[in-house]
1. Go over the candidates B:98, B:112 one by one and state the one that is farther than 30 Å from residue B:145 by Cβ and surrounded by fewer than 18 Cβ atoms within 10 Å (Cβ to Cβ).
2. Where in region B:191-261 are the helices (runs of 4 or more DSSP H), entirely inside, with at least 2 residues that are more than 10 Å from chain A (Cβ to nearest Cβ), under 22 Å from residue A:149 (Cα atoms) and at pLDDT 80 or above?
3. Considering B:562, B:574, which residue is outside the structural domain of residue B:472 (by TED's automatic domain parsing), surrounded by fewer than 20 Cβ atoms within 10 Å (Cβ to Cβ) and among the small types (Gly, Ala, Ser)?
4. Check A:90, A:76 and return the single one that is assigned to a strand (DSSP E or B), outside the structural domain of residue A:180 (by TED's automatic domain parsing) and either at pLDDT below 95 or surrounded by fewer than 16 Cβ atoms within 10 Å (Cβ to Cβ) (or both).
5. Which one of these is within 28 Å of residue A:77 (Cα to Cα), surrounded by fewer than 23 Cβ atoms within 10 Å (Cβ to Cβ), within 21 Å of the chain's Cα centre (by Cα) and more than 8 Å from chain B (Cβ to nearest Cβ): A:177, A:95, A:105?
6. I'd like to verify a number: residues in region A:239-255 that are under 16 Å from residue A:45 (Cα atoms) and touching a helix residue (DSSP H, G or I) at 6+ places or on another chain (Cβ under 6 Å), how many?
7. Among the candidates B:281, B:291, B:325, B:316, single out the residue that is among the small types (Gly, Ala, Ser), assigned to a helix (DSSP H, G or I) and surrounded by fewer than 20 Cβ atoms within 10 Å (Cβ to Cβ).
Amino acid sequence: MSIEHTSSGSPATGVVTDALLDLSVVTKQFGGLVAVKDVDLQIRPQEIVSVIGPNGAGKTTVFNLITGIYRPTFGDIRLEGKTLVGLSPDQIVKRGIARTFQNIRLFNNMTVLENVLVGQHTQLKATILGSLFKPPRVVREEAHARERALELLGFFGTALLERQEEYVINLSYADRRRVEIARALAANPKVLLLDEPTAGMNDTETLEAVKYIRRLRDELGLTILLIEHKLAVTMGMSDRIAVLDYGQKIAEGLPEDIRRNPKVIAAYLGTASSEETSEEATKSVE
Amino acid sequence: MSMRLLKFPDERETRLLFVKWLVALLIPVLAFTLWDGESILNNTLLTLFTGFTVEGVTTIGFVLSTVFVLIFYAVTFALAGYFLAADSGRRSMIELWIDVVIFTLVPMLLVILTTSLVVGLALCIVVWPIYFWVRKRVVAALHYAPPDPLDEVMELSPAQQDALKDRGRSGGFWFGTAFSLIWLVIDLVYLFSGGLPTPVLIFVILRTILFPVFGLLLGQLGGELALRRTLGALQKKADAKDKNAPAVDLESEIKSLSPTRAREEVKELVPNDQPMRSRGAQLFYLALLAAFVLLYPALDPLLFSFGTVGRISGFADAGYYVILALGLNIVVGFAGLLDLGYVAFFAIGAYTWALIGSGQFTVLTGLQVNPQVWPWLFWPVLILSACVAAFWGVLLGIPTLRLRGDYLAIVTLGFGEIIPIIFLQMDKYTNGTNGVVGIFSPHFPGINWTTFTPVPYYYLILALIVLLIFINLRLRDSRLGRAWIAIREDEIAAASSGINLANTKLFAFGAGAFFSGIAGAYHAAKVGNVTPDAFSYNDSIIYLAMVVIGGLGSIPGVIVGALVVYAVNQLILAQLDTMAADPSSVLHIVKVLAPTFTFDSIRNLIFGTILVTVMLFRPEGLIPSARRRRELHHVDQGQDVEVGSLDVPPGTPGFESEIRVE
């Protein structure tokens, strides 16, 4: 049973601290198909860890296992030492894990502000009777929730604040991504899972996204687990990288090491080319 | 306030504005006055001051009707001020006058011609869409492009704000003056042709002096209410509300919104291109509607000469449909759970009072029931029925928790069938097919309340409706309401935002059933008997139709939907045969041409056709919630090009939504 650890030691020094999020031997089988096999991963507080791998490697499945959408066939997932296996997704949110989705799942017919207010569901305590009679406590809570939502939107500058009453379906892709992150932040999580946060973005938008993801860790003290396909982003932003292929973790370590790892290169480019292109790959990604 | 302000404006633009609105408002006001307003007022005076009586109408009835007429005039004076202050002046007069005639004169005309409030208004619902369609064609043919409402979004300077207020004040004054002068002329004609009784004469003199004064005061009120909706005033309100949060500039906010969304926001602002449709005006309309509904039992005998009791009883019956629609709105409209068996909870509520508040209680428990005392129990049992129904709502919701859409609907359909059959089979307790009779009406101090006195029931259902609207609004704008809408939109995203799906869905079922429990107990008391065959699958579908046709998720929508479906289904379609038998009515031709034909046999066909037509042309419902209208008319009205999913560049919402790899 690990001890709860709240210090924020420098994330990249490699000092051994206790894991905030701990996956041990996590396996998920769908009938005959083994989607994820024996995955071990420890995430330390305030780290930015990337999970990469070719398509179909099981990265989103790992996310779904952590957030309770799937239940592991075998293995354990612990947050601050307490197991998450068997909990429903909403209970896991209450424990302190929030996520965004690869395909952006916002509540399309609600406004920006309403989406972020829904994100605060676990932080509010109003019951059905409280909502009916609206005692001062509930009125205060709603006002505070609204202020907090506006603050969260303000994290991304004025663009979302100005569009707070807009229906999210009318926003640009990059703005929708930001709203989804704001909604996840509204749950006051300890760990934030971002599933391909820069998918579909051009270079400018990607750089902006990298900046605000870094700020999420630096200013808000969040621990971030990232699925990312753009190698430049992964290399530049992560403290550590884990590589999945066919459901298994084939490598883990610092970005520079992963870049040169022959197994990783083989997974992306195929074994025949692994030796030839290892040098080229090293140069091009730099 | 100088006399200069009361001079009729000399700048051409302002003068035209005054003409525009004075004519626009005088049309309906004069029509109403000549139709009924004048006779109500005159008759009241005669009743109060001479021995004049009208059969079937009490003094208090006259007084209350007068109150309504005075409220009507007061609202119109205030509206004169509001419209003149709020109008930006960019839209043409003729357009406005035609709109006014269609929306005020046509209903009056139809009600007079059909001698029925309900049929007249129902015909309006047919006429108005046709008018809109014609209007659209004419506008297109004339190549008339209405000005962009966003152009008018700007802060008003203090000088402009004062000008607004002055316009409102003079508007009310000149409207009051014009109206009283025209009315004076009409009454002078009466005076010279036949003479007027003294009380009426005194009234005419008083009125001619006082109306301009009231116009001035109420017009000022209207102007000030308009001022509260300018950009500057709304900005101040927003700043005060969010004092601890980052401030947003409303003007740039509105300009950065998408066209459809911006158009919604602009409807609230002053100056406005179409102030008749603005939110400020809607408050006035609501006030007038509230006065009408409250005072209706007094007004009815004066508007129509016979059939009052039947009509009020009919409205008191329609009321419970409104409550059912409001309850089903929570389950289907907010939470998106398709419930096809809603009648089950209505039956549970009805039987709860039936089994307690009648002789059946003696059968069940052996205790004697005192008919003087027992009916007082109606009030606590009303709440009890609601709670019992809510309990069963939660219980019957549990099996549906893991099911989606269609499968959930089938399970609810099953329960909708099972519950009435249980009541039928438990005949030892519920008296089976014969049902429970002799159910007590409630007792209230000072009121004679039986199954045959509709007026207390009318006010009871009105009070219940107001209460339940309030509950509905509070729920919708709460943490729970947001959770319901989130579940409807995307269950997985909702669960991933921390919403407990099971509890939230069960709350929806429970809250919906609570409403129908209240409706059930009320219905049992009003009708006086309940039988199992009164609750069928057909009814569940009708309730669903009310909610969908009215506007899923929209509170005013489902209320109107309930009234319209009730009017069409229970009143009009049911009476087509009676109307056809009457030789003076238009429908008699059908009887002559095909003597064996009855409307009753094609009643469901007609009703079904109406439902299909409405869904084809207005799937978002009669008064849709803003969300729903947007949801169903996806293409922005500004953009012409429909882009297929494969034409849309990757990374945009269109691309992502069509090509989904799960």
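1. Only one candidate qualifies: B:112.
2. Once the helices (runs of 4 or more DSSP H) in region B:191-261 are filtered for at least 2 residues that are more than 10 Å from chain A (Cβ to nearest Cβ), under 22 Å from residue A:149 (Cα atoms) and at pLDDT 80 or above, what remains is B:231-241.
3. Every option except B:574 fails the conditions.
4. That would be A:76, the only listed residue that is assigned to a strand (DSSP E or B), outside the structural domain of residue A:180 (by TED's automatic domain parsing) and either at pLDDT below 95 or surrounded by fewer than 16 Cβ atoms within 10 Å (Cβ to Cβ) (or both).
5. Answer to the check: A:95.
6. Result for region A:239-255: 1.
7. When all the criteria are applied, what remains is B:291.
Matching residues to (1) more than 30 Å from residue B:177 (Cβ to Cβ); (2) in contact (Cβ under 8 Å) with a residue 60 or more places away in the chain:
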residue: B:215; (1), (2): no, yes
residue: B:223; (1), (2): no, yes
residue: B:231; (1), (2): yes, yes
residue: B:243; (1), (2): yes, no
residue: B:264; (1), (2): yes, yes
residue: B:269; (1), (2): no, yes
residue: B:272; (1), (2): no, yes
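The values are calculated or read from the model by the stated rules, or taken from the named source; none is laboratory data. Just so it is clear, the structure is predicted and the values come from calculations on it, not from any experiment. Cβ sites come from the backbone with ideal geometry, for glycine too, and all protein chains shown count toward neighbours.
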